[in-house]
Amino acid sequence: MGNEYFAKIVWSSDGKGFTTGKYSREHTWSFDGGIEVKASSSPHVVPLPFSVENAVDPEEAFVASLSSCHMLWFLSIAAKKGFTVKSYSDESSGIMGKNGEGKVAMLSVTLKPKVEFIGPNIPANEVVESMHETAHSECFIASSVKTEVLCQPVFT
């Protein structure tokens with residue numbers, strides 16, 4: 001048996017408009033360590049004011065989860081290879097649409113990691129691309145989904 005992870009999701013009604021679909025989708029995600037995140041359906045899925053624009057939606061969290069997992073693997077690989085990473089940023093995106101089964105799904109996620117290295121040992125772009133390929137193949141989240149996950153490193 002593997003490791004177990006938990007999230008607590010809490011939503012409650014304000015008592016208005018539930019049976020007509022005119023209710024707030026705002027809710028809270030709680031994680032270990034006491035972290036709470038304001039969450040909602042995406043305004044792309046459920047229109048305002050029934051969604052909350054300044055909250056995380058499940059689709060954004062899906063993209064962020066893939067990006068975060070990839071980054072953590074990349075940093076580990078870089079450290080083991082003796083490269084010092086100064087900064088890592090990723091402006092990732094996901095595309096939702098109908099899949100081959102006719103169901104709405106996240107069709108693809110594109111990671112666009114930009115990594116800055118410091119120190120005397122700076123890897124060539126080909127080495128960085130190889131580290132990204134390894135990070136993708138090791139990422140637990142990417143290995144758990146059917147969605148195509150693309151990685152397009154950004155070099156300056």
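Filtered by the rule that a residue be part of a helix (DSSP H, G or I) and not acidic (Asp, Glu), the stretch 129-156 gives Ser130, Met131, His132, Thr134, Ala135, His136, Ser137, Ala142, Ser143, Ser144.
Ser65 meets each of the listed conditions (1) in a loop (DSSP other than H, G, I, E, B); (2) at negative phi; (3) not assigned by TED's automatic domain parsing to the domain that holds Trp11 apart from (1). Restricting attention to the stretch 25-59, the residues that are of a type in the set (D, E, K, R) and surrounded by 15 or more Cβ atoms within 10 Å (Cβ to Cβ) add up to 4.
Inside the stretch 82-123, can you point out the residues that are over 20 Å from Val154 (Cα atoms) and in a loop (DSSP other than H, G, I, E, B)? Of everything in the stretch 82-123, those that are over 20 Å from Val154 (Cα atoms) and in a loop (DSSP other than H, G, I, E, B) turn out to be Gly82, Asn99, Gly100, Glu101, Gly102, Lys103, Pro120. Residue selection: Ser65 satisfies the criterion of being among the hydroxyl-bearing types (Ser, Thr, Tyr), surrounded by 10 or more Cβ atoms within 10 Å (Cβ to Cβ), touching a residue at least 12 places away in the same chain (Cβ under 8 Å) and within 25 Å of Val109 (Cα to Cα).
Conditions (1) under 17 Å from Glu133 (Cβ atoms); (2) more than 21 Å from the chain's Cα centre (by Cα), marked per residue:
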| residue | (1), (2) |
| --- | --- |
| Tyr88 | yes, no |
| Gly100 | no, yes |
| Met106 | no, no |
| Lys112 | yes, no |
| Ile118 | no, yes |
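Looking at Thr110, Thr147, Thr156, just one residue is modelled with pLDDT under 95, buried (at least 18 other Cβ atoms within 10 Å of the Cβ) and not assigned by TED's automatic domain parsing to the domain that holds Ser42, and that residue is Thr147.
Glu126 satisfies every condition listed in (1) without any contact (Cβ under 8 Å) to a residue 12 or more places away in the chain; (2) within 14 Å of Pro153 (Cβ to Cβ); (3) in a loop (DSSP other than H, G, I, E, B) except (3). As for the stretch 139-151, it holds no residue that is without any contact (Cβ under 8 Å) to a residue 40 or more places away in the chain and β-branched (Val, Ile, Thr). For the structure I just gave you, tell me whether Val115 is surrounded by 12 or more Cβ atoms within 10 Å (Cβ to Cβ), in contact with a strand residue (DSSP E or B) (Cβ under 6 Å, 6 or more places away or on another chain) and more than 22 Å from Ser41 (Cβ to Cβ). So Val115 fits the description; yes. Annotation: Trp73 fulfils all but one of (1) part of a helix (DSSP H, G or I); (2) without any contact (Cβ under 8 Å) to a residue 60 or more places away in the chain; (3) in contact with a helix residue (DSSP H, G or I) (Cβ under 6 Å, 6 or more places away or on another chain); the unmet one is (2).
The values are calculated or read from the model by the stated rules, or taken from the named source; none is laboratory data. All values derive from a computational prediction rather than experimental measurement. Cβ sites come from the backbone with ideal geometry, for glycine too, and all protein chains shown count toward neighbours.
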